[in-house]
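Everything below concerns the one structure shown next.
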């Protein structure tokens with residue numbers, strides 16, 4: 001059986017993914033990074049992350065839809081999901097939390113704050 005990774009990051013911004021890859025490796029966290037939000041559920045099942053870091057604004061399928069699908073899936077529903085987005089309006093945060101997000105972080109945010117939030121769920 002494959003050991004689960006610590007964090008699965010789903011974000012369409014390649015620069016953001018490079019930053020997070022360096023950040024997580026420097027803090028001893030294993031991570032899988034993807035821009036493939038269209039196949040997010042299949043990737044989650046394959047990777048078996050302990051925590052998901054999810055962007056909201058992505059082409060095709062937005063993060064709200066991915067989050068809703070995770071929470072409706074009997075196998076995936078208990079995986080902590082941290083929203084990591086530039087959508088700073090309270091209405092966006094309320095929507096994400098209502099759909100089942102465990103936390104809501106607004107970009108830009110210090111790397112240490114991201115790591116501290118993730119470690120709450122490991």
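The values are calculated or read from the model by the stated rules, or taken from the named source; none is laboratory data. Here the structure is a predicted model, which means the values were calculated and not measured. We place every Cβ from the backbone using ideal geometry, glycine too, and count neighbours over all the protein chains shown.
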Qualifying positions in the range 24-45 - within 19 Å of residue 112 (Cα to Cα) and crowded, with 16+ Cβ neighbours inside 10 Å: 24, 27, 29, 31, 32, 33
Among the candidates 59, 49, residue that is surrounded by fewer than 14 Cβ atoms within 10 Å (Cβ to Cβ) and in contact (Cβ under 8 Å) with a residue 40 or more places away in the chain: 59
The listed residue being modelled with pLDDT under 95, out of contact with any helix residue (DSSP H, G or I) (no Cβ under 6 Å at 6 or more places or on another chain) and closer than 20 Å to residue 35 by Cβ, out of 109, 79: 109
Count of residues meeting criterion [over 18 Å from residue 57 (Cα atoms), touching a strand residue (DSSP E or B) at 6+ places or on another chain (Cβ under 8 Å) and without any contact (Cβ under 8 Å) to a residue 40 or more places away in the chain] in the range 103-119: 2
